[in-house]
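Shown next, in structure tokens, is the structure this report addresses.
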Amino acid sequence: MFDSYSLPGAMDFLLSGLAACGACVFTNPLEVVKTRMQLQGELQAPGSYQRHYRNVFHAFFTIGQVDGLAALQKGLAPALVYQFLMNGIRLGTYGLAEAGGHLLDSNGNHSPGRSAAAGALAGVMGAYIGSPIYMVKTHLQAQSASEIAVGHQYKHQVFPPQSWKLALVAAMVSSLAVVLAMTPFDVVSTRLYNQPTDAHGKGLMYRGLPDAVMQTIRTEGIWGMYKGMGASYFRLGPHTILSLFFWDQLRFLYQKYNQ
């Protein structure tokens, strides 16, 4: 069904993790329902507790009606981290073993025993490393309104209200989208501004923005348009939060001394 691709080790881990994250976005609501149903009636005899969730479909409806539709994606952030770690390590490690020829027997034939052992070892490694994230995910997915609560209710609040940490996290997350969209333009503008010029101020390397884009892609590939993206990302998040912080403090001082 699937073709076998030969990928660099790091890319194998990355693509495996990203593939699992893509699937997780669509299946996380089922994970929320599963978690609630597994906790319902915990250590209670059948018939001795109220069944908030009668079946999968009823659970979907109840959670959406009482907790809101967004509740069906509770725990999505740690679920994505878990899937990236667990599947990135599990599939990536197996891919490395396969690429290194470790799944072949002495005759060069595919060995079912070695494949099973490599798959089991890779799975154990992924599950062990991702276990703490899975615990956080479970806590968040179990949280619900009191009238349909099941299992122990952990009241996590990662950051207190009005915390600068919350603003920082929000800035760092939003900065990812900004950097992905703006880095190509930033790369081109940097090169246009920095190119040598003749006596009349005309650029000697690029004729303009389209030419700079085409030359960069032609000689360096599409990833040449994203050079410096990591530095841009780690600059933009703190820059955003510091700008907002200083803006807020300056407004406060202005109002304080001009009353």
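The values are calculated or read from the model by the stated rules, or taken from the named source; none is laboratory data. Given the structure is predicted, the values throughout are model-derived calculations rather than measurements. Note that we place each Cβ from the backbone using ideal geometry, even for glycine, and neighbour counts take in every protein chain shown. For the accessible areas, the whole protein counts, side chains as well, though only heavy atoms, and no ligand, DNA or RNA atoms are used. Shrake-Rupley method; radii C 1.70, N 1.55, O 1.52, S 1.80 Å.
Using a basic spin-label model with each label point 7 Å from the Cα along Cα→Cβ, how many nm lie between Thr190 and Glu147?
With each label placed 7 Å out from Cα toward Cβ, I get 5.5 nm.
I'd like to check one number: the per residue accessible area of the chain, probe 1.4 Å, reported in Å² as a whole number.
Counting only protein heavy atoms, the per-residue value for the chain is 67 Å².
Can you find, among Ala97, Pro210, Ser232, the residue sitting farthest towards the positive end of the charge dipole of the chain, where Lys and Arg contribute +1 and Asp and Glu -1 at Cβ?
The one lying farthest along the dipole's positive direction is Ser232.
Can you bin region 27-165 into rounded, prolate or oblate? Criterion: square roots of the alpha carbon gyration tensor eigenvalues sorted a ≥ b ≥ c, rounded for a/c under 1.5, prolate for a/b above b/c, oblate for the rest.
prolate
Gain in length, Leu242 to Ile222, computed as 0.36 nm per residue apart minus the alpha-carbon separation, to one decimal in nm?
Answer, rounded to one decimal: 4.0 nm.
Within region 33-74, which chymotrypsin sites (Phe, Trp or Tyr not before Pro) sit in a loop by DSSP and count at most 13 neighbouring Cβ atoms inside 10 Å?
Loop-located and lightly packed - Tyr49.
With a 1.4 Å probe and every protein chain kept in, tell me what percent of the accessible surface of the chain is carbon plus sulfur.
66
Loop only per DSSP, at most 14 neighbouring Cβ atoms within 10 Å: give me the trypsin sites (Lys or Arg not before Pro) in region 45-106, ordered by residue number.
Arg51, Arg54
Which ³J(HN,Hα) values in Hz, rounded to whole numbers, follow from the phi angles of region 180-192 under the Karplus curve 6.51 cos²θ - 1.76 cosθ + 1.60, where θ = phi - 60° and Gly and Pro get x?
Each residue of region 180-192 in turn: 4, 7, 9, 4, x, 5, 5, 4, 5, 5, 4, 6, 5 Hz.
Could you give the dipole magnitude of the chain about its Cα centre, charging the beta-carbon of Lys and Arg +1 and that of Asp and Glu -1, in debye to the nearest 20?
600
Classify region 34-92 as rounded, prolate or oblate from the Cα gyration tensor: take a ≥ b ≥ c as the square roots of its eigenvalues, call it rounded if a/c is under 1.5, otherwise prolate when a/b beats b/c and oblate if not.
Verdict is oblate for region 34-92.
Excluding residues on the same chain fewer than 8 positions from Lys202, give the aspartates and glutamates whose Cα lies under 16 Å from its Cα.
Filter leaves Asp211.
Cut-off under 21 Å on the C-alpha distance; same-chain residues fewer than 8 positions from Lys155 excluded. Which lysines are left, in chain and number order?
Lys34, Lys74, Lys137, Lys165
Using +1 at the Cβ of each Lys and Arg and -1 at the Cβ of each Asp and Glu in the chain, identify which of Ala116, Leu250, Val32 lies farthest towards the dipole's positive end.
Leu250
Once you sort the root eigenvalues of the Cα gyration tensor of the chain as a ≥ b ≥ c, which label holds: rounded (a/c under 1.5), prolate (a/b larger than b/c) or oblate (the other case)?
In terms of gyration-tensor shape, oblate.
Using the Karplus curve 6.51 cos²θ - 1.76 cosθ + 1.60 with θ = phi - 60°, what ³J(HN,Hα) values do you get for each residue of region 91-108, in whole Hz, with x for Gly and Pro?
So the J values, rounded to whole Hz, are 6, x, 5, 5, x, 5, 5, 5, 5, x, x, 7, 9, 9, 7, 5, 8, x.
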